[in-house]
1. Is there any pair with a first residue in the range 45-62 that is more than 15 Å from residue 85 (Cα to Cα) and a second that is open to solvent by 90 Å² or more (accessible area, probe 1.4 Å) and not β-branched (Val, Ile, Thr) whose Cβ atoms are under 9 Å apart and which are 6 or more apart or on different chains, and what are they?
2. Within the range 32-41, does at least one residue satisfy the condition of being open to solvent by 60 Å² or more (accessible area, probe 1.4 Å), of a type in the set (Lys, Arg) and farther than 14 Å from residue 128 by Cα?
3. So which pairs qualify, if the first residue must be in the range 74-92 and without any contact (Cβ under 8 Å) to a residue 60 or more places away in the chain and open to solvent by 30 Å² or more (accessible area, probe 1.4 Å), the second must be of a type in the set (Lys, Arg) and part of a strand (DSSP E or B), the Cβ gap must be under 6 Å, and the two must be at least 6 apart or on different chains?
4. Wholly within the range 140-195, which helices (runs of 4 or more DSSP H) include no fewer than the required count, namely at least 2 residues that are more than 28 Å from residue 127 (Cβ to Cβ)?
5. Please go through the range 128-160 and pick out each residue that is crowded, with 16+ Cβ neighbours inside 10 Å and β-branched (Val, Ile, Thr).
6. Within the range 191-198, identify whether any single residue is under 18 Å from residue 119 (Cβ atoms), surrounded by 15 or more Cβ atoms within 10 Å (Cβ to Cβ) and at pLDDT 95 or above, and answer yes or no.
7. Criterion first (more than 18 Å from residue 136 (Cβ to Cβ) and either open to solvent by 30 Å² or more (accessible area, probe 1.4 Å) or modelled with pLDDT of 95 or more (or both)) does residue 203 satisfy it?
8. Could you go through the range 112-124 and let me know if any residue there is touching a Gly at 6+ places or on another chain (Cβ under 8 Å), of a type in the set (Ser, Thr, Tyr) and outside any loop (DSSP other than H, G, I, E, B).
Amino acid sequence: MLEVKDKGKIPKDNNSIEVDELLDKKKVQLIFKRVFDFAVSLLGLIALGPLLLLIAIIIKIDSKGPVFYKQVRVGKGEKQFKIIKFRTMIINAEKNGLQITVGNDSRITKVGYCLRRYKLDELPQLINVLVGDMSLVGPRPEVPKYVEMYNEKQRIILRVRPGITDLASIEYRDENTLLAKNCNPEEIYIKDIIPRKIELNTEYIENMSVFYDAKLILKTILVVIK
């Protein structure tokens, strides 16, 4: 068995034992990370309360359906949970298309376009962070359909809590537009985008810390503003 190097890098031929050893070395950092997540998500929900209420009212006025959209995702330890977002699509959107959105998807509501553009639909995920299903920063959680396609090596990203943002969210900030340029967007997503996202998420696991999380949160905010 190969040993995890002191540099904190995951070997290319990694296995679950080696990943556990790496995470064990980061045990203290993971404790601070969870404390950071809990404090920031709690304060965020309190501070953003008026904005969240306003968005909820606008969603109800704009289209029929619930304010929140809940979807089953795969989290830490391959445990499934329901991610919470503001609803940006018509009712039963998944029954009338792919589980990914592409370009100017006709299923997206008028208000939904604005919420997605500024990532405001993601704010309710602070609830997921507060209860411990997610972290502020970590691999974006996928739906079971795509996780089933992961090989054993790729599943290492399921050893940590998924996050609201990550390196892949920044690199693929225009993912919908990118997919819209292809005649078979789901095939491109599965063959090209998912492997690259997993590669970036593996890099995150190697470097994760409260300081690194704060850096990525700031970078994400700057990307959204631009």
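1. Taking only residues 6 or more apart or on different chains, the pairs are 62/110.
2. no
3. 82/70
4. Details: elements: 144-147, 167-171, 175-180, 185-188.
Qualifying helices (runs of 4 or more DSSP H): 175-180, 185-188.
5. 129, 137, 143, 147, 156, 157, 160 - these are the residues of the range 128-160 that are crowded, with 16+ Cβ neighbours inside 10 Å and β-branched (Val, Ile, Thr).
6. First, the residues of the range 191-198 that are under 18 Å from residue 119 (Cβ atoms): 197.
Retained after the next criterion (residues that are surrounded by 15 or more Cβ atoms within 10 Å (Cβ to Cβ)): 197.
Retained after the next criterion (residues that are at pLDDT 95 or above): 197.
Yes, that holds for at least one residue.
7. Working: more than 18 Å from residue 136 (Cβ to Cβ): no; either open to solvent by 30 Å² or more (accessible area, probe 1.4 Å) or modelled with pLDDT of 95 or more (or both): yes.
The answer is no for residue 203.
8. No, there is no match, as no residue in the range 112-124 is touching a Gly at 6+ places or on another chain (Cβ under 8 Å), of a type in the set (Ser, Thr, Tyr) and outside any loop (DSSP other than H, G, I, E, B).
The values are calculated or read from the model by the stated rules, or taken from the named source; none is laboratory data. Predicted model only: the values in this text are computed from it and were never measured. Don't worry about glycine lacking a Cβ; one is built from the backbone with ideal geometry, like all the others, and counts go over all protein chains shown. The accessibility values were calculated without ligands, DNA or RNA, using every heavy atom of the protein model including side chains. Shrake-Rupley method; radii C 1.70, N 1.55, O 1.52, S 1.80 Å.
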